[in-house]
Structure formats: structure tokens, C-alpha cells
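Step one of this worksheet: look at the structure below.
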Amino acid sequence: MDYNSVLASMSMFGASVEEIYLHTLGIPAECINENVIVSPGWLPERLFGTSEMNQVVQSSPLFGYQVWNIERGEIAISYIKTGFGAPMVLDALLLLGLAKCKKILFVSSVGALSSEMKIGDIVIPEYSASGDGAGRYLSDHLFQDHFGEKQYPDKDLFEVLINETKRICDINHVKWHIGKTFCTDTIVAQYSHLESIMKMGYNSIDMESAVAFQAAKMMKIPIAALLNVSDNSVVGKSLMSGRDEQQVKEYRKFVRNEIVPQIILKTL
């Protein structure tokens, strides 16, 4: 399936692109900047000063998306908080092909599946596996099983992100890792499958990066993902328990609030 066929199908069934844009994102396409950050759960004040942010959508009609336009010096960024799960991210991204968007960074938390990763470390996925169901809707054959297929970021943007991450992390003594990421549709039910996922060679797990890569490739918009480790079930620090140490909290906050913004601005 190509992007034009997605747009054509909207019109075929009586939905204008303009109406879908307004009801889904809550603003016209021309309000989106060339640089876009998409995050399932992070609010932009974790990364930018409040004086730099202008919230243009508080809660979009259909999905409750939140959108900010941010200016840092000469860089203008649109920031979209989608909510969690591949379907939420997919519908937001599919609209960016109608805007002037030229570059996307997917920014989020990630679960570690390796004892070498600690909470707060940075992960840059070299690929993400489609363990979600939303990506099937980007196929010509809806009932053909694409479960587990690897999706890749844009090669050039990935290289820029890697280089800037290495440089900034080395200066600040922050650990970073190349991610081999599996994308799941569930948090609670994933635990019974983590051992199998790790045996397949995956070192991290999230819910949305695979479909983000897949949609951006369809639209021919460069994308890469910058992730921050929130938990590590391998060493007993899951999302549910074991993450209360003050030192862990301080390290993650430092990386997320100080290091990640530097990497974003240098990459964009």
C-alpha cells in the first residue's frame, strides 16, 4: 500500500482530508512545522521551557491529541502527544504527510530487556519489530500476517542521531545503547512472553516505534527514535515495582530533562 491510496480511500468513502485532519489532530495541516516530535506520553515541558511552548490543541475531538508549537532559537518544532499504543501514534503520523513535515523524531520511554541497560540510559533503535496489530492496516492484504516484521528508521537521520547521541552522552558520562526493539500491544500480558522475546534477540520493548517507522516510510518522511529506559524487568525493576531508589530517579530525570533535549536540538 502507498500513501496516495490511503488518501484516495478516505475520499472514496466520503471523508475529506480536511475534515479528518481537523477532527483527528484538531488543527489545519498548515499549522504543523517541518520538524515534528511525536511522543505517546511525554509532555513537552520535560524537554523545553514553558516560555518556548505554545499549545495549539488542548484535546483534539476524536482522540484527545495534544499539540504544541515550540520555538528554540531558529528551530521551530511541532510537538504531538498522542497517548499510548500503536493505533494512536499511527493515525497522528498518517496526517503528517499532508503537512509540510520534513523530519520526525519519535521520543518516548522504553523497557529494557538487557542487564546491560539501566534505568535512565538512552536507547536508539536500529529496528523495531511489529508486535502490534495497527501496522497490518498499512498492508494491501489486511489478513496477511506481518507479525514480527522488522521496521527501520531512516538511515541518514538514524546516523545523525547516533553521532549526536554518542558525542553528547560521552561528554556527560551517560550510557547509550543500540536498540533491537520489540513492540507490544499490551503491558500486562507481555510478561508471559518476555522470555521468548529476549530469546529472539530483542534487548528492549515499547508499544509504538515499529508502526511509527512503518508509517513514516510510507509517507517518505525521515524518522528516527530516541528512547529513555523507564524500567528493566530483567533485573527486577519493572514498571510495577522496584524503581524507587532516589539515585535511579535522579539519573533518569537528568538524562530526560537535560541530555535528551540537547540531542533533539542537534539532530533536528
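The values are calculated or read from the model by the stated rules, or taken from the named source; none is laboratory data. All of these numbers come straight from a predicted model, not from anything done at the bench. Here the Cβ positions follow ideal geometry from the backbone for every residue, glycine too, while neighbour counts run over all protein chains shown.
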- Query: Restricting to region 8-18, what's the tally of residues that are in contact with a helix residue (DSSP H, G or I) (Cβ under 8 Å, 6 or more places away or on another chain), over 23 Å from I37 (Cα atoms) and either of a type in the set (A, V, I, L, M, F, W, C) or in a helix (DSSP H, G or I) (or both)?
  - Reply: 2
- Query: What tally of residues in region 46-63 results from selecting those that are modelled with pLDDT under 90 and hydroxyl-bearing (S, T, Y)?
  - Reply: 2
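Looking only at residues that are under 15 Å from L62 (Cβ atoms) and touching a helix residue (DSSP H, G or I) at 6+ places or on another chain (Cβ under 8 Å) in region 19-32, which one is surrounded by the most Cβ atoms within 10 Å (Cβ to Cβ)?
Initial filter on region 19-32 (under 15 Å from L62 (Cβ atoms)): 19-27.
So of that shortlist, the ones also touching a helix residue (DSSP H, G or I) at 6+ places or on another chain (Cβ under 8 Å) come out as 20-21, 24-25, 27.
Values: I20: 17, Y21: 20, T24: 17, L25: 28, I27: 19.
Selected residue: L25.
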- Task: Given the conditions (1) touching a residue at least 60 places away in the same chain (Cβ under 8 Å); (2) within 17 Å of the chain's Cα centre (by Cα), report the number of the one that D156 does not fulfil.
- Result: (2)
- List every residue pair whose Cβ atoms sit under 7 Å apart, with the two residues 6 or more apart in sequence or on different chains, where the first one lies in region 1-12 and is of a type outside the set (D, E) and the second, anywhere, is modelled with pLDDT of 75 or more. M1/L138; M1/S139; M1/D140; Y3/G97; Y3/M218; Y3/M219; V6/L94; M10/I20
- Query: Quick one: in region 30-52, which of the residues that are within 20 Å of the chain's Cα centre (by Cα) and not in a loop (DSSP other than H, G, I, E, B) is nearest to R252 (Cα to Cα)?
  - Reply: R46
- Message: Can you tell me which of (1) in contact with a helix residue (DSSP H, G or I) (Cβ under 6 Å, 6 or more places away or on another chain); (2) on the phi > 0 side of the Ramachandran plot; (3) of a type outside the set (S, T, N, Q) is the one H173 doesn't meet?
- Response: (1)
- Which condition number does D2 fail, the rest of (1) surrounded by fewer than 17 Cβ atoms within 10 Å (Cβ to Cβ); (2) in contact with a helix residue (DSSP H, G or I) (Cβ under 9 Å, 6 or more places away or on another chain); (3) farther than 22 Å from F213 by Cα being met? (3)
